[in-house]
1. Starting from the Kirkwood Rh over alpha-carbon pairs, what translational D in µm² s⁻¹ does the stretch 432-509 have by Stokes-Einstein at 10 °C and 1.306 mPa s?
2. For the stretch 477-493, take each phi angle, set θ = phi - 60°, evaluate the Karplus expression 6.51 cos²θ - 1.76 cosθ + 1.60, and give the result in whole Hz per residue in order, putting x for glycine and proline.
3. Give or take rounding to whole Å, what are the principal axis extents of the alpha carbon atoms in the stretch 191-237, in descending order?
4. Let me test this: with uniform point scatterers at the alpha carbons of the stretch 133-198, what is the Debye-based log₁₀ I(q)/I(0) at q = 0.26, 0.29 1/Å?
5. For the stretch 418-471, report the translational diffusion coefficient in µm²/s to the nearest whole number, using Stokes-Einstein at 10 °C, 1.306 mPa s, and a Kirkwood Rh over Cα pairs.
6. Taking a threshold of 31 Å on the Cα-Cα distance, which of the pairs Lys358/Lys470; Lys166/Lys196; Lys87/Lys290; Lys51/Lys300; Lys44/Lys379 fall above it?
7. Under a point spin-label approximation (7 Å from Cα along Cα-to-Cβ), what is the Leu360-Ser451 distance to one decimal in nm?
8. Report the extension gain between Glu277 and Phe65 in nm, rounded to one decimal, defined as 0.36 nm multiplied by the number of residues separating them, less their alpha carbon distance.
Amino acid sequence: MKKRGNRVKYLLLLLLGIAVGGLVFANIEFSFSGPDTSFRLSSKPNYATAKNNFENSPIETLRDFNEAFVQIAESATPSVVTIFTEKTVNRRVISPFEFFGRDPFFDEFFGSPKDGGRNSRKEVQRGLGSGVIVTSDGYILTNNHVIDKADAIYIRTSDNRKIVAKVVGTDPKTDLAVIKVNERGLKPILIGNSDKLRVGEWVIAIGSPLGESLARTVTQGIVSAIGRSNVGLADYEDFIQTDAAINPGNSGGPLVNINGELVGINTAIASRTGGFEGIGFAVPSNMAQKVLTSLITKGKVTRGYLGISIQDIDENIARGMQLKSREGVLVGTVVSGSPAAKAGLRTGDVILDFNDRKALSSVELRNAIAGLSPGSVAKIRILRDGEVRVFNVRLEEQPSAAAAPVPAPSQQQPASEAFGIRAAELTPQLAGQFKLQGSTGKVVVTAVDQSSSAFSAGLRAGDVIVSFNKQPVTSYAQYAALLRKVKSGDLVFLLVDRRGSKVYFAFNV
């Protein structure tokens with residue numbers, strides 16, 4: 001009995017040791033180092049969890065209202081840092097003899113422009129931005145453009161400590177980056193749910209606008225809009241728009257809600273003068289946290305890949321495809337061998353739902369696809385020829401070279417053909433002019449009148465016409481015959497190939 005009791009005791013001790021070891025290693029950090037960088041990737045970021053309760057504070061007087069904003073600022077400001085960057089560049093000293101022309105004799109002493117010159121001198125370019133502490137062990141979220149190509153990075157905390165920082169990872173496609181300092185006891189900000197933001201909510205922006213002397217400046221405003229895209233700042237855009245004052249130097253700083261939670265990373269301003277004009281943009285915290293977690297745990301961002309190009313459906317395209325409404329997103333290109341192609345998706349399919357959520361826009365759908373992990377199975381409901389179908393597609397990892405379709409060059413010459421479109425059979429000369437692959441039977445748009453409805457719809461010279469009013473175009477003669485059937489005021493519905501990407505256009509002639 002005694003031996004059996006000892007065995008049970010030892011077994012319990014063993015299980016206790018395993019449990020303790022599991023707790024220890026559940027949050028283990030893996031160290032990486034190299035000649036230029038040294039940082040630690042955590043398998044489980046220590047995000048802040050303590051909730052604030054400012055949003056439920058009773059407001060009975062103006063003093064209560066004032067105190068509420070003071071508490072929000074006081075809770076978030078210690079998490080904000082000023083980021084300094086340094087980049088060394090070579091500046092060549094110009095020889096005075098260069099004003100009289102180049103001479104190999106003087107190149108021996110001063111060097112030639114090709115090699116930078118022996119009299120080149122190093123100059124340090126300095127930059128400034130903002131960041132926000134997201135874990136107590138020193139991970140900091142900021143914009144990629146704040147630290148891009150920097151040779152040295154420093155931060156200054158709210159208690160005036162200056163600390164060397166290293167880059168953990170960057171994601172230019174969302175203009176986000178994570179840096180780290182080897183410092184403990186930092187105050188991380190609580191990360192909120194940006195999907196719950198509504199237009200009109202109060203928000204606070206904190207950062208270092210215009211210089212270090214204005215560090216941790218707090219400005220207040222409202223959420224002016226959500227889901228802003230096509231701003232031209234990043235590949236993946238789903239910006240929060242705010243009128244809280246944001247200026248150069250605020251980049252990378254937090255946008256905070258009334259509960260003191262991070263709901264966005266301030267990224268840019270819309271301005272004609274370079275100064276504040278009431279329109280600023282922030283990356284939503286939900287998008288930022290996905291990138292943040294991936295960079296902290298893996299050092300890179302992986303995105304889901306379906307292998308299609310998509311576009312929104314306007315009224316003319318809906319008429320051209322005989323759709324009852326503009327609901328859904330239209331599939332253009334289906335990349336050969338991609339998950340979409342393997343599953344059976346086709347050009348012309350209308351995606352109605354993605355993972356049981358309505359496909360409201362091409363930007364939103366593109367972000368939803370990219371937000372899933374490679375290997376995830378996506379449920380896609382589509383409309384094809386009036387029939388609703390459902391596909392289950394296993395996503396792959398987005399290729400690093402994946403890029404948005406490249407628009408064909410715009411031609412400025414006027415067109416004289418019908419409806420403002422000039423087209424011709426694709427010849428070797430035209431293929432060379434528009435950088436296309438030559439093929440018998442192809443019809444290429446050679447010019448589009450800029451005053452025409454075709455130009456307004458987006459048709460450009462260099463587009464190859466694949467189908468005309470749902471009829472496949474196999475020769476120029478067939479295209480001309482189809483064109484003759486069109487009368488003024490009719491709707492023209494085209495599918496074109498634009499450098500490998502299929503795009504639909506619909507317009508009245």
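The values are calculated or read from the model by the stated rules, or taken from the named source; none is laboratory data. As the structure is a computational prediction, the values presented were derived from the model and not from experiment. So basically every Cβ, Gly included, is an ideal-geometry build from the backbone, and we count neighbours across all protein chains shown. These accessible areas exclude ligands, DNA and RNA; they are computed on the full protein's heavy atoms, side chains included. Shrake-Rupley method; radii C 1.70, N 1.55, O 1.52, S 1.80 Å.
1. Details: Rh = 12.8 Å.
Rounded, D is 124 µm²/s.
2. Residue by residue, the stretch 477-493 yields 4, 5, 4, 5, 5, 5, 5, 5, 7, 7, 10, 4, x, 6, 8, 9, 10 Hz.
3. So the three principal-axis extents are 33, 25, 20 Å.
4. -1.18, -1.30
5. On the way: Rh = 11.5 Å.
For these conditions, the coefficient is 138 µm²/s.
6. Numbers: Lys358/Lys470 26 Å; Lys166/Lys196 33 Å; Lys87/Lys290 29 Å; Lys51/Lys300 29 Å; Lys44/Lys379 29 Å.
Exceeds cut-off: Lys166/Lys196.
7. In this crude spin-label approximation the distance works out to 4.0 nm.
8. Working: separation 212, 0.36 × 212 = 76.32 nm, distance 2.62 nm.
Contour length minus Cα-Cα distance gives 73.7 nm.
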